[in-house]
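Novice: Quick one: the structure is below, and I'll ask about it shortly.
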Amino acid sequence: WGLRVLCCSLPNPRNVHFESINMKNVLHWSAPEGTGHGVLYKVKYLVYGVGKWIRKPECRNINRTWCDLSSETSDYEEQYYASVKAFLNGMCSDWIETTRFNPLTDTKIDPPMVSVSSTEKSISIILTAPEKWKKSPEEESVSLLQVYPGLQYNVSVLNKKTKKRWWFSISNTTLVVPWLEPGTAYCVSAQIHVTTPLLHSGFSKEYCIATLKGMSDEAMT
Amino acid sequence: GEDALLPAPQNISILSTNMKHFLSWSPVIVQGETVRYSVEFQGEYERDYANESWIPICECSLITATVCNITEDISATVAYNLRVRADVGTRRSEWGTLKGFFNRITTSLTPPLMKVIADGCHLLVELEDMGPAFQFCVLYWKKGQESRQKVVKDASSVVHLDTMEAGPDYCVKAQTYVEAINRSSSFSQTQCVGAQGGTSMWLV
Amino acid sequence: RCRVSMSMTEIRLGFTAIKASIVSIQARDPIKTLSILSHPQSLHKVKSSDRCCITHHLFNFYVDKVFKHCKTEDSYINRKISSIANSFLSMKKKLRQCHEQNKCMCGEESTEKFKQILANYEGLNVTSAAIKSLGELDILLDWMEKSQRAEHV
């Protein structure tokens, strides 16, 4: 009768928390203090207010220190907890839990995708909000614009010649800046801003484009 | 003498401008002693639902200044009571209470500082950053024509309003709007510029 | 229809502060398998016609029952709770005007749903129930903002 009694005296996993980007919700933690290789982990999660913890089979006896719980936490009208337990040489730690996770307010939002085109005297900017994480490519895409209908874009347009930067705050996804100088480079960067809950993305990288050379410039060259 | 009752602070008043609220009072004079003051507030909720309890403002506990920034605690549009007391060593005064309530809806809203810029044929405006509670209603028009409006929420940058035809002047004025109290300031002075080189024009 | 301007930003900021504080308001609620607002019934299933009534009930619930039992040893949290409580009181008064003008009618379903919320609340001791309700404020705010946006669509 060789039941091995697991003595829970292993130090606990540390800093158990969700890292969420566009509602791709991944549980992360650090290995217990002073433990080298060989530590294995189990993960479980709970929908707040619902009676039971649920084991995550794909994260049973894993040696990595993260576990993707996006699928289990995809309903952003619910809130969640997750918990991790460590095992090593017949010893185990306590279950260590996250704080309460609210996907709607606790996710980080990527910058919008920016595409720019130009004519002789104008540039056109098309902005696309990132999509909410989805289980599989076949699944229907949900834009974060649908999740946060009050979403706005802050757009910066930098004239590379004069070094002057203008700002636009728009809710729709296209912006045309007319009456620009021909043959001039403009750099565009954009950020997403949600007022409540208060969320904003970082700025996208800069997309630079030059307005076409004017007819007169063409004649002279 | 040593045990004479410490007088309560007097002339307690509020100065509230652009949703920044400051409580001030006259100093209590005790020769050769440092007098310290403590401030507490009581919202309508505390009065009507929490046994008229008072809440200390720890940033203004045992301070020597005779002014306290109460902005962070006056964060609802209801009637607040405020009080101050003095301490010298072990001696403590009675509370001096602000006469009447203070409701932030009475804050005085000043027109925003505004700079209108003509950059080529582009009309731009730069507005003073007055904090997250403020939005700006910017009116702009070609002289002699109907005005158009733009709401600016984030004031910390040069905001593009429109493009300008060469020739006529374009005029701009702005007012602040505070959603929390549903009030607006009066309009700023009008500033007009014309489409031209990159310098900004001021109305003299 | 009841039209009440509600500045949610300040309440959100207040709640974010007490959620993120060293001893989070939610960490003071050890009961993870019970909820006051979201289970067994969800606010997100409330019909649009019942929204005003449920909102009115919930503001009364928080002002009359919850906030007074939420005092903590942390003066910073207490000040934030006061800020939220006074904002709720301000909105409760606006909603009461709507109710008195019969613009915020209560149907059977919303009355039933609110009874469930009260039953959840009374199933716990007063302090635990109050702290749990305060920790669930974001559930209420998320729902209200979603409903507000649905009104504008």
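The values are calculated or read from the model by the stated rules, or taken from the named source; none is laboratory data. Quick caveat, the model's predicted, so the values are computed rather than measured. Because the Cβ atoms are built from the backbone with ideal geometry, glycine has one as well, and the counts that use them run over all protein chains shown. Side chains are part of the model used for accessible areas, which takes the heavy atoms of the whole protein and leaves out ligands, DNA and RNA. Shrake-Rupley method; radii C 1.70, N 1.55, O 1.52, S 1.80 Å.
Novice: List the extent of the Cα atoms of region A:22-82 along each of their three principal axes, largest first, rounded to whole Å.
Specialist: For region A:22-82, the Cα spread along each principal axis is 39, 27, 20 Å.
Novice: Any chance you could run the full-extension gain for A:K108 through A:R55? It's 0.36 nm times the residue separation minus the Cα-Cα distance, nm to one decimal.
Specialist: Working: separation 53, 0.36 × 53 = 19.08 nm, distance 2.58 nm.
Between A:K108 and A:R55, full extension yields an extra 16.5 nm.
Novice: Which value results when the Cα radius of gyration for region B:45-119 is divided by 2.2 N^0.38 Å?
Specialist: On the way: Rg = 17.7 Å, N = 75, 2.2 N^0.38 = 11.3 Å.
This ratio for region B:45-119 stands at 1.56.
Novice: Continuing with the same structure: For region C:55-66, what does the Karplus curve 6.51 cos²θ - 1.76 cosθ + 1.60, with θ = phi - 60°, yield as ³J(HN,Hα) per residue in whole Hz, taken in order and with x for Gly and Pro?
Specialist: Per residue, the Karplus-derived 3J(HN,Hα) values read 4, 4, 4, 5, 5, 4, 4, 5, 6, 6, 10, 8 Hz.
Novice: Over chain C, calculate the relative contact order: mean separation of alpha carbon pairs under 8 Å at least 6 apart, over the residue count, as a percent.
Specialist: Relative contact order of chain C: 43 percent.
Novice: Which pairs, out of A:K132/C:K80; C:K32/C:K92; A:K108/C:K19; A:K24/A:K56, put more than 22 Å between their alpha-carbon atoms?
Specialist: Values: A:K132/C:K80 32 Å; C:K32/C:K92 29 Å; A:K108/C:K19 17 Å; A:K24/A:K56 16 Å.
Cα-Cα > 22 Å for A:K132/C:K80; C:K32/C:K92; rest within.
Novice: Taking chain C as a whole, which cysteines find no other cysteine Cβ under 4.7 angstrom from their Cβ?
Specialist: C:C70 - these cysteines have no disulfide-compatible partner (Cβ-Cβ under 4.7 Å) in chain C.
Novice: At 20 °C and 1.002 mPa s, what whole-number value in µm²/s does Stokes-Einstein give for the translational diffusion of region A:85-177, with Rh from the Kirkwood sum over Cα pairs? Write down the numbers at each step before the final one.
Specialist: On the way: Rh = 17.3 Å.
After rounding, the answer is 124 µm²/s.
Novice: May I ask you to find the residues of region A:164-192 that are shielded by at least 50 Å² of accessible area once the whole protein assembly is considered instead of their isolated chain (probe 1.4 Å)?
Specialist: Residues meeting the cut-off: A:K164, A:W166, A:W167, A:W179.
Novice: Roughly how many whole Å is it from the C-alpha centroid of region C:112-141 to that of region B:34-67?
Specialist: When both Cα centres are located, 30 Å separates them.
Novice: Now a separate question. Between C:T9 and C:V23, what is 0.36 nm times their sequence separation minus the Cα-Cα distance? Round to one decimal in nm. Before the final figure, lay out the partial values.
Specialist: Values: separation 14, 0.36 × 14 = 5.04 nm, distance 2.27 nm.
Net length gain for the segment: 2.8 nm.
Novice: Within region A:33-57, which residues have the backbone N less than 20 Å from the label spot 7 Å out from A:D68 along Cα→beta-carbon, could you tell me?
Specialist: Flagged as within label range: A:41-46, A:55-57.
Novice: Could you tell me what percent of the accessible area of region C:11-153 is made up of carbon and sulfur, with a 1.4 Å probe and every protein chain present? Walk me through the intermediate numbers first.
Specialist: Values: 3320 of 5940 Å².
The nonpolar share, carbon plus sulfur, comes to 56 percent.
Novice: Additional query: Sequence gap of 8 or more, or different chains, plus Cα separation below 25 Å: how many lysine pairs satisfy both in chain B?
Specialist: 15
Novice: Relative contact order for chain A: what is it in percent, counting Cα pairs under 8 Å that are at least 6 residues apart? Mind dumping the intermediate values first?
Specialist: Working: 502 pairs, mean separation 41.0, N = 221.
So the answer I get is 19 percent.
Novice: What are the residues whose amide H is under 5 Å from the amide H of A:V142, where those residues sit 5 or more places off or on another chain and H is modelled from the backbone?
Specialist: Answer set, sorted by chain and number: A:K132.
Novice: Cα gyration tensor of region C:53-129, axes a ≥ b ≥ c as square roots of the eigenvalues: rounded (a/c below 1.5), prolate (a/b > b/c) or oblate? Could you put the intermediate results ahead of the total?
Specialist: Values: a/c = 4.20, a/b = 1.40, b/c = 3.01.
Oblate shape, in that a/c is at least 1.5 and b/c is the bigger or equal ratio.
Novice: If every alpha-carbon in the protein assembly as shown counts as one equal scatterer, what log10 I(q)/I(0) does Debye give at q = 0.05, 0.10, 0.12 1/Å?
Specialist: So the normalised log intensities work out to -0.30, -1.06, -1.28.
Novice: If you don't mind, another one. Find which of C:I84, C:Q97, C:N120 sits farthest along the positive direction of the dipole of region C:70-150, computed with +1 on the beta-carbon of Lys and Arg, -1 on that of Asp and Glu, about the Cα centre.
Specialist: Sorting the options by dipole projection puts first C:Q97.
Novice: Hey, another quick one. Using a 7 Å offset from the Cα along the Cα-to-Cβ direction at both C:H44 and B:T97, what is the distance between the two label points in nm, to one decimal?
Specialist: So the two model labels end up 4.7 nm from each other.
Novice: Please report the relative contact order for region B:57-198, taking Cα pairs under 8 Å with a sequence separation of at least 6, and give it as a percent rounded to a whole number.
Specialist: On the way: 272 pairs, mean separation 33.2, N = 142.
Computed value for region B:57-198: 23 percent relative contact order.
Novice: Say each of C:L118 and B:N182 gets a label point 7 Å from the Cα, pointing the same way as Cα to Cβ; how far apart are those two points in nm?
Specialist: Rounded to a tenth, the inter-label distance reads 2.9 nm.
Novice: Other chains near C:31-40: what is the mean number of their Cβ atoms within 10 Å of each residue's Cβ? The partial results should precede the final answer.
Specialist: On the way: counts 2, 13, 9, 4, 6, 1, 1, 7, 6, 2.
Average neighbour count from other chains, rounded to a whole number: 5.
Novice: Can I ask one more? Taking chain A as a Gaussian network, where each spring joins two C-alpha atoms under 10 Å apart, which residue of A:T65, A:T73, A:T119 fluctuates the most?
Specialist: Sorting by GNM fluctuation, first place goes to A:T119.
Novice: Sticking with this one: Total accessible area buried between chains B and C, 1.4 Å probe, in Å² to the nearest 100? Display every interim value, and only then the final one.
Specialist: Details: alone 11240 and 8430 Å², together 17910 Å².
The contact between C and B buries close to 1800 Å².
Novice: Next question. Given a Förster distance of 22 angstrom, what is the FRET efficiency for A:T119 paired with A:K163, based on the Cβ-Cβ distance and rounded to 0.05? Write out the running numbers ahead of the final one.
Specialist: Working: r = 23 Å, r/R0 = 1.03.
Taking R0 as 22 Å, the efficiency between A:T119 and A:K163 is 0.45.
Novice: As an exercise, use a Förster radius of 35 Å and the Cβ-Cβ distance of B:V158 and B:E33 to find the FRET efficiency, rounded to the nearest 0.05. Don't skip to the answer; put the middle values down first.
Specialist: Details: r = 53 Å, r/R0 = 1.52.
Given R0 = 35 Å and the Cβ-Cβ separation, E is 0.05.
Novice: Go through region B:19-56 and flag every residue whose accessible area shrinks by 50 Å² or more with all protein chains in place compared to the isolated chain (probe 1.4 Å).
Specialist: In region B:19-56, residues shielded by partner chains: B:Y45, B:Y49.
Novice: So how far apart, in nm, are the two label points at C:R96 and A:S9 if each is 7 Å from Cα heading toward Cβ?
Specialist: 6.2
Novice: In Å, what Rg and Dmax follow from the Cα atoms of region B:95-204?
Specialist: Gyration radius and largest Cα-Cα distance of region B:95-204: 16.8, 65 Å.
Novice: Follow-up question, since we're still on this one. Once you order the gyration tensor axes a ≥ b ≥ c over the Cα atoms, which shape class does region C:1-68 get: rounded for a/c under 1.5, otherwise prolate or oblate by comparing a/b with b/c? The partial results should precede the final answer.
Specialist: On the way: a/c = 2.11, a/b = 1.37, b/c = 1.53.
Oblate, since a/c reaches 1.5 and b/c is not below a/b.
Novice: Next question, about the same structure. With a 1.4 Å probe on protein heavy atoms only, work out how much accessible surface A and B bury together, total over both chains, in Å² to the nearest 100. Provide the component values of the computation, followed by the final result.
Specialist: Working: alone 12570 and 11240 Å², together 22830 Å².
For chain A against chain B, roughly 1000 Å² becomes buried.
Novice: Could I ask something else about it? Once you compute Rg and the Kirkwood Rh from C-alpha atoms, what is the Rg to Rh ratio for region C:1-134? Present the calculation step by step, with values, prior to reporting the outcome.
Specialist: Working: Rg = 15.1 Å, Rh = 15.6 Å.
Reported Rg/Rh, Kirkwood definition of Rh: 0.96.
Novice: Which one of A:P112, A:P197, A:P103 has the biggest mean-square fluctuation once chain A is modelled by GNM with Cα springs under 10 Å?
Specialist: Checking each option, the largest mean-square fluctuation is seen for A:P197.
Novice: Once you compute Rg and the Kirkwood Rh from C-alpha atoms, what is the Rg to Rh ratio for chain A? Write out the running numbers ahead of the final one.
Specialist: Working: Rg = 24.9 Å, Rh = 20.9 Å.
So for chain A, dividing Rg by the Kirkwood Rh gives 1.19.
Novice: Under a 10 Å cutoff between Cα atoms, tell me which one of A:W133, A:W95, A:W179 has the largest fluctuation in the Gaussian network model of chain A.
Specialist: Maximum fluctuation in the GNM of chain A, among the listed residues, is at A:W179.
Novice: Can you give me the P(r) profile for chain B? Cα pairs, bins 5 angstrom wide beginning at 0, each as a whole percent.
Specialist: Taking all Cα pairs of chain B, the binned fractions are 1, 7, 13, 14, 12, 10, 8, 8, 7, 7, 6, 4, 2, 1, 1, 0 percent.
Novice: What share of the DSSP beta bridges in the protein assembly as shown is antiparallel, in percent to the nearest 5? Mind showing how you got there, number by number?
Specialist: Values: 113 of 117 bridges.
Among the beta bridges of the protein assembly as shown, antiparallel pairing accounts for roughly 95 percent.
Novice: Which value, in Å², gives the accessible area per residue of the protein assembly as shown when a 1.4 Å probe is used on the protein heavy atoms?
Specialist: Values: 27630 Å² over 578 residues.
Counting only protein heavy atoms, the per-residue value for the protein assembly as shown is 48 Å².
Novice: Right, another one. Relative to the isolated chain, which residues of region B:144-176 have their accessible area cut by 50 Å² or more in the presence of all protein chains (1.4 Å probe, heavy atoms, no ligands or nucleic acids)?
Specialist: By number: B:H160.
Novice: Show me the ranking of peptides B:66-78, B:16-28 by mean Cβ neighbours inside 10 Å, starting with the highest. Could the numbers behind the result be given before it?
Specialist: Details: B:66-78: 20.7, B:16-28: 18.1.
In descending order of packing, they fall as B:66-78, B:16-28.
Novice: So how much accessible area does B:R148 have, in Å² to the nearest 10, using a 1.4 Å probe?
Specialist: For B:R148, solvent-accessible area is about 130 Å².
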